[in-house]
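Read the structure below first, then the notes.
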Amino acid sequence: MVGSALVRRLKAGGYANLLTPGLAQLDLTDQAAVTAFFAAEKPDYVFLAAAKVGGIHANYSYPAEFIHSNLVIQNNVIHQAWLNGVKRLLFLGSSCIYPRDAAQPMSEAALLTGPLEPTNAPYALAKIAGLTMCEAYNRQYGTQFVAVMPTNLYGPGDNFHPENSHVLPALIRRFHEARIRGANKPFSNGQGQSPWGDIPEPVVIWGTGTPMREFLYVDDMADGCVFIMELDEATLAAELLSYPKPCFVNLGTGVDVTIRELAETIMEAVGYEGDLAFDPSKPDGTLRKLLDVSRMQALGWQARVPLKEGIEKTYAWFLENQGRVRL
């Protein structure tokens, strides 16, 4: 999803000489393969968007994979970028780098000021290591390696798996399937009984529905990334390469909604007219994760696509591409 959006934005901006190897051509966890790729291609600019990502369920189920895969990818690419004289590198992190109880909205200064959210700490630690690596190489080697910390991303090309994806695409799929069936997914408590008696089972969502989340349309994300990579030398040096100023900026909308509000917006976009229920026995995750985007706005950029419009565009893409989306 992220890589495709970056390619769309770069092509729209007139960039034609793009290197976009897929996993079949380049496994970024393979150190020898990454070394050979950089030596052969000598890229001038690198967008490091590759990562192992997922929602609460995936992070909870595969913590070792999340920290190992992401650390290996980052180490390989960032180190080879320096060895091969890359002019600029942009590392994509995540808003989960901030402490669970960070003051809202979360500014870049909140990094490492408290404990992380336990449900995604391995992933967050990998991303913190990545941005710290960028900063360390800048200080020691004079590189121009910077980072953005996007909020929750969604849009065309997303992962729509009902368990291992993030909440927004997972809900799009679940509401779509419920609408198509005309009734909700059969429910059993293990004893062949439904707690709702004869009425249809509502679509059940993890947690209480009260946590608040911020969502950024992926094409807005791509536009923000290219904006950073195109900053003039003086601005980049003053704002992102002047240690101890952070070498990263938050990338978001500055607006958040509750999970319940998100679900209701998706229901409307999908046309599902059933009921909602929430399972408080499942984890909520961090209660609020709103980014302070004032630093990015001061540089001259802000998001454009409202959440409702972005969800409608994402659902339209889903309908057009059901045969090849990740389900």
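The values are calculated or read from the model by the stated rules, or taken from the named source; none is laboratory data. Owing to the predicted nature of the structure, the values given are computational and were not obtained by experimental measurement. When we count neighbours, we look across all protein chains shown, and the Cβ atoms used for this are built from the backbone with ideal geometry, even at glycine. Keep in mind that these areas ignore ligands, DNA and RNA; they rest on the heavy atoms of the full protein, side chains included. Shrake-Rupley method; radii C 1.70, N 1.55, O 1.52, S 1.80 Å.
Selection of the stretch 106-120 for residues being assigned to a loop (DSSP other than H, G, I, E, B), under 13 Å from residue 149 (Cα atoms) and not polar (S, T, N, Q) yields only 111. Residue under question is residue 252, and the condition is that it be at pLDDT below 95, over 26 Å from residue 181 (Cα atoms) and crowded, with 21+ Cβ neighbours inside 10 Å; does it hold? The answer is no for residue 252. Residues in the stretch 8-53 that are open to solvent by 40 Å² or more (accessible area, probe 1.4 Å) and part of a helix (DSSP H, G or I): 8, 9, 11, 12, 31, 32, 35, 36, 37, 39, 40, 41. Out of all the residues in the stretch 94-103, is one or more among the hydrophobic types (A, V, I, L, M, F, W, C), within 15 Å of residue 146 (Cβ to Cβ) and open to solvent by 20 Å² or more (accessible area, probe 1.4 Å)? Taking every residue of the stretch 94-103 in turn, none turns out to be among the hydrophobic types (A, V, I, L, M, F, W, C), within 15 Å of residue 146 (Cβ to Cβ) and open to solvent by 20 Å² or more (accessible area, probe 1.4 Å). Whether a residue is out of contact with any Phe, Trp or Tyr (no Cβ under 9 Å at 6 or more places or on another chain) and surrounded by fewer than 21 Cβ atoms within 10 Å (Cβ to Cβ) was assessed, and residue 295 passes this test.
Only one of 61, 69 is at pLDDT below 95 and open to solvent by less than 60 Å² (accessible area, probe 1.4 Å). Can you tell me which? Exactly one residue qualifies, and that residue is 61.
Taking the conditions exactly as written (in contact with a strand residue (DSSP E or B) (Cβ under 6 Å, 6 or more places away or on another chain) and either farther than 16 Å from residue 217 by Cβ or not β-branched (Val, Ile, Thr) (or both)), does residue 291 satisfy them or not?
Values: in contact with a strand residue (DSSP E or B) (Cβ under 6 Å, 6 or more places away or on another chain): yes; either farther than 16 Å from residue 217 by Cβ or not β-branched (Val, Ile, Thr) (or both): yes.
Answer is yes for this residue.
Let's see how each residue does on (1) touching a residue at least 40 places away in the same chain (Cβ under 8 Å); (2) part of a helix (DSSP H, G or I):
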| site | (1), (2) |
| --- | --- |
| 234 | no, yes |
| 272 | yes, no |
| 282 | yes, no |
| 296 | yes, yes |
| 305 | yes, no |
| 312 | yes, yes |
| 322 | no, no |
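Looking only at the stretch 127-177, count every residue that is small (Gly, Ala, Ser) and surrounded by fewer than 22 Cβ atoms within 10 Å (Cβ to Cβ) and tell me the total. The total comes to 4. Note on the stretch 236-249: among residues that are surrounded by fewer than 16 Cβ atoms within 10 Å (Cβ to Cβ) and in a loop (DSSP other than H, G, I, E, B), the one that is nearest to the chain's Cα centre (by Cα) is 245. Taking the criterion of being touching a His at 6+ places or on another chain (Cβ under 9 Å) and at pLDDT 95 or above, the only residue of the stretch 154-171 that qualifies is 154. Screening the stretch 4-53 for residues that are in contact with a Ser or Thr (Cβ under 7 Å, 6 or more places away or on another chain) and modelled with pLDDT of 95 or more and picking the one that is nearest to residue 150 (Cα to Cα) gives 7. Looking across 264, 309, 230, one residue alone is farther than 21 Å from residue 169 by Cβ, open to solvent by 40 Å² or more (accessible area, probe 1.4 Å) and at pLDDT 95 or above. It is 230.
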